[in-house]
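Here, each number is a calculation from the coordinates, and none is a lab measurement. Since the structure is predicted, the reported quantities are computational estimates derived from the model, not experimental observations. Backbone-built Cβ (ideal geometry, glycine too); neighbour counts: all protein chains shown.
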Amino acid sequence: MDETDFKALLAHLPVFWWEADSDLRVVDSGGGAFDDQDTTQRFLDALAAGPGDLPRPPGKDPLQTHFDGRAFDVTWLAGPIGAHHHSRGVAVATREGADPFASFADLTPAAAFVRDAAGRYLWTNHAYAHLYGTTRDKLVGRHLTDVDAPDDAVRFLALDHDVLSGNTPVRHTLTYRRPDGTSAHAAGYRFPVRWGARRCVAGIYVDITDYTHALDQRRQAEDDLRALRDHSGLPCLRISADGLVTEASTAVSELLRVRLSDLVGRPAGALLADTPERAVLLEIWNDLVDGRRRSAETSAVLLDHEHGRRRARLHLTTTGRTAGRATSVWTVVTQAGLRHETHTALTASQIRILALLAAGRSNAEIAGSLRLSRQTVDYHLSRLREILDAATRPALVARAYVLGILSPHTWPPRSATATHPRSPA
């Protein structure tokens with residue numbers, strides 16, 4: 001808890017804090033005991049008019065005083081602070097004869113109690129009594145066995161004994177039963193205190209039942225997701241915001257011809273061939289990680305461990321968020337083309353020729369559509385047969401589809417990476 005959080009907590013409690021200069025003039029103040037800074041100044045003036053030097057040295061017992069009909073325990077904090085020799089202090093409003101700890105903890109949202117060594121309640125705050133569905137007046141004076149199940153009472157008494165025998169605080173979590181019979185969870189500290197002349201056990205706890213339940217739901221969701229990842233047959237992987245593979249399915253390791261253990265921890269960029277689609281994917285990735293998009297579909301050319309290539313369709317979805325940024329991205333390969341060895345990248349003209357060829361156009365019609373000479377079209381078709389290892393026109397078209405060069409979902413035929421529906425490439 002930083003100083004800002006601490007001051008916010010004090011704003012709702014019967015205490016106040018102040019910072020004063022060397023003349024005890026208030027520089028800053030806060031807390032729930034007084035409504036305004038003028039009252040704080042009158043309080044310090046009353047302190048200054050009393051016996052003894054002020055401020056009191058830190059480490060001394062609290063100074064007990066009265067102001068406006070109320071009792072206060074005043075503690076001066078370590079000082080002076082800063083170049084102006086300011087001092088700081090905290091005052092806790094108390095009831096006559098009440099313990100300062102009880103006064104401070106009375107209205108805290110955390111559940112707090114004090115028990116004697118035999119297990120009898122000497123004090124609780126409202127939050128603790130609320131856990132048992134009762135008031136603190138009905139809880140104080142009763143024994144653990146009066147309010148807790150027998151097994152719980154034995155366990156809690158054993159914890160008290162450990163704290164007293166070890167004379168040291170213990171931080172732990174515990175499970176308890178609510179008045180309606182349901183189980184709940186709490187986390188906090190149990191520590192030895194002196195209550196009057198007796199050595200007792202005090203505790204302060206925060207109910208974490210909802211938090212624990214949320215963690216259980218998250219673990220269950222992660223288990224379900226891993227089962228889907230491992231048994232669905234989908235090639236998928238999770239990539240961290242800094243571009244490293246953190247999880248992967250068996251199907252994607254087979255697709256990329258790499259062992260699963262070698263895939264996890266690898267930079268995702270090493271799995272992509274250096275093609276125009278890579279630059280487009282990078283722009284989409286930045287949008288996803290920076291929170292401008294939640295999901296996207298795109299194409300890429302995957303590069304496997306043996307340097308083979310495979311054109312693929314990818315679906316990307318962000319998961320987790322920190323400071324407005326996605327913490328990871330799930331990537332699923334929804335379509336994968338035929339694996340092939342690296343070949344010379346096709347030009348935009350060659351892809352347009354393939355698209356027109358797949359539409360059934362003749363060489364002359366292709367030349368007219370692209371405003372090329374017949375000889376230029378013949379040359380490109382000859383080169384395409386060499387690059388794609390296809391001897392005939394039908395074979396060229398088939399290879400263009402199985403390699404993912406042409407999209408199988410559009411007509412007229414066009415490139416799988418075309419950004420505009422009417423553009424062939």
Problem set entry | Given charges at beta-carbon only (K, R positive; D, E negative), |dipole| of the chain in Debye | 2400 debye
Problem set entry | Read-out Rg/Rh (Cα atoms, Kirkwood Rh), derived from the coordinates shown; its label in (i) 1.27; (ii) 0.99; (iii) 0.95 | (i)
Exercise. Which whole-Hz ³J(HN,Hα) couplings does segment 364-379 yield from phi under the Karplus relation 6.51 cos²θ - 1.76 cosθ + 1.60, θ = phi - 60°, glycine and proline marked x?
Worked result: 5, 5, 5, 4, x, 5, 9, 6, 10, 6, 4, 5, 5, 5, 4, 5
Exercise. Once all Cα-Cα distances of segment 232-336 are split into 10 Å bins that start at 0, what whole-number percent is in each one?
Worked result: 16, 52, 28, 3
For this session: May I ask you to sort HIS305, HIS380 by Cβ crowding, counting other Cβ atoms within 10 Å and putting the fewest first?
Result: HIS305, HIS380
Seminar exercise, completed: For the ASP378, ARG321 Cβ pair and Förster radius 60 Å, calculated FRET efficiency rounded to 0.05 is 0.60
Exercise. What are the ³J(HN,Hα) values, in whole Hz, obtained from phi via the Karplus relation 6.51 cos²θ - 1.76 cosθ + 1.60 with θ = phi - 60°, for each residue of segment 300-316 in sequence order, with x given for Gly and Pro?
Worked result: 7, 9, 7, 10, 8, 5, 9, 6, x, 10, 8, 6, 9, 9, 10, 10, 10
Exercise. Per 5 Å bin, what percent of the C-alpha pairs of segment 108-207 does each bin hold, from zero upward?
Worked result: 2, 14, 24, 30, 21, 7, 1, 0
Seminar exercise, completed: Quick P(r) readout (segment 348-402; Cα-Cα; 10 Å bins; whole %) gives 26, 62, 12
Exercise. How much length, in nm to one decimal, is gained on full extension between ARG257 and ALA364, taken as 0.36 nm per residue of separation minus their Cα-Cα distance?
Worked result: 34.2 nm
Problem set entry | Inter-probe distance in nm under a simple model that places probes 7 Å from Cα toward Cβ, at THR250 and ALA227 | 1.6 nm
For this session: State the extension gain, in nm to one decimal, for the chain segment bounded by HIS161 and ASN286, taking 0.36 nm per residue of separation less the distance between their alpha-carbons.
Result: 39.3 nm
Exercise. Short version: ³J(HN,Hα) in whole Hz for each residue of segment 221-238, in order, from phi by Karplus 6.51 cos²θ - 1.76 cosθ + 1.60 (θ = phi - 60°), x for Gly and Pro, what are they?
Worked result: 5, 5, 5, 5, 5, 5, 4, 5, 4, 7, 10, 7, x, 7, x, 8, 8, 9
